[in-house]
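A short worksheet on the structure shown next.
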Amino acid sequence: MNVIFLPGFSTAEVVSDVSGRGVGMDVVRSKIESLGGSVSVHSEVGKGTEITLHLPLTMAIIQTLLVRLKEQIYALPLTSVLDVISVEKDQIKNLEGQEAIIYRNHILPVIWLKDALNTYEVSEPENLYVVVVEKNKGKVGVILDEVIGRDEIVVKPLTGILKNINGLAGATILGDGRVALILDLNNI
């Protein structure tokens with residue numbers, strides 16, 4: 001069974017320098033072991049093979065709301081999300097220097113995620129999504145391009161120069177291989 005974990009091992013009939021190799025099980029094993037876990041394989045002739053990944057309980061798995069701003073995916077912890085609404089651009093009003101909308105017969109201050117993250121955007125769509133979140137100082141609406149949906153993610157802490165960036169709580173790798181940054185809305 002350990003042969004499948006050797007670098008370059010493939011079950012493809014034809015292997016070239018550019019195809020037939022994919023991501024090998026050697027990469028899977030090394031990544032799982034770097035997280036403190038293990039990989040086990042059980043196989044029975046004619047029945048199939050079962051591969052089990054064992055991950056430590058210390059890994060943080062959280063419920064999030066995946067959102068999109070331009071081409072980047074972000075994750076918002078569901079513990080701070082109260083509601084998601086759609087608004088038209090003309091419903092956003094400027095009240096004494098603070099943009100706001102009417103939400104459930106109350107004034108709700110809003111921030112543009114693109115401004116909070118200092119990103120540049122050429123155009124703003126007419127229909128926008130507002131995610132209503134609970135912050136330390138009350139409720140605020142966060143305006144963004146699209147709400148993708150709920151997802152359970154594994155939190156990977158940020159290290160190095162990314163460690164002290166306000167507004168980022170970590171990162172995760174989505175099922176399709178893209179990296180999503182986890183937002184800490186209390187620090188935006």
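The values are calculated or read from the model by the stated rules, or taken from the named source; none is laboratory data. Keep in mind the model is a prediction, meaning the values are calculated, not measured. So basically every Cβ, Gly included, is an ideal-geometry build from the backbone, and we count neighbours across all protein chains shown. Keep in mind that these areas ignore ligands, DNA and RNA; they rest on the heavy atoms of the full protein, side chains included. Shrake-Rupley method; radii C 1.70, N 1.55, O 1.52, S 1.80 Å.
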**Fill in**
Checked pairs for the range 90-101, first touching a residue at least 12 places away in the same chain (Cβ under 8 Å), second of a type in the set (Gly, Ala, Ser) and part of a strand (DSSP E or B), C-beta under 7 Å and 6 or more apart or across chains, list as ILE101/GLY141
**Fill in**
Of the listed residues (VAL179, VAL155, VAL110), the one being over 13 Å from VAL67 (Cβ atoms), among the aliphatic types (A, V, I, L, M) and in contact with an Asp or Glu (Cβ under 6 Å, 6 or more places away or on another chain) is VAL110
**Prompt:** What residue, among those in the range 118-130 that are within 19 Å of the chain's Cα centre (by Cα) and at pLDDT 85 or above, is nearest to ASN187 (Cα to Cα)?
**Reply:** VAL130
**Fill in**
Selection from the range 163-176 of residues closer than 19 Å to ALA116 by Cα and open to solvent by less than 80 Å² (accessible area, probe 1.4 Å) yields ILE165, GLY167, LEU168, ALA169, GLY170, ALA171
**Request:** Check ARG178 against each of (1) touching a Gly at 6+ places or on another chain (Cβ under 7 Å); (2) at pLDDT 90 or above and name the one condition it does not meet.
**Result:** (1)
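Yes/no per residue for (1) modelled with pLDDT of 85 or more; (2) touching a Pro at 6+ places or on another chain (Cβ under 7 Å); (3) of a type in the set (Phe, Trp, Tyr):
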site: SER19; (1), (2), (3): no, no, no
site: GLY24; (1), (2), (3): no, yes, no
site: VAL28; (1), (2), (3): yes, no, no
site: SER34; (1), (2), (3): no, no, no
site: VAL39; (1), (2), (3): yes, no, no
site: VAL45; (1), (2), (3): yes, no, no
site: GLU50; (1), (2), (3): yes, no, no
site: PRO56; (1), (2), (3): no, no, no
**Asked** Is the range 87-108 home to any residue that is under 19 Å from the mean Cα position of the chain (by Cα) and closer than 24 Å to LEU168 by Cα?
**Response** no
**From VAL133, VAL45, VAL41, residue being within 30 Å of ASP26 (Cβ to Cβ) and surrounded by 10 or more Cβ atoms within 10 Å (Cβ to Cβ)** = VAL41
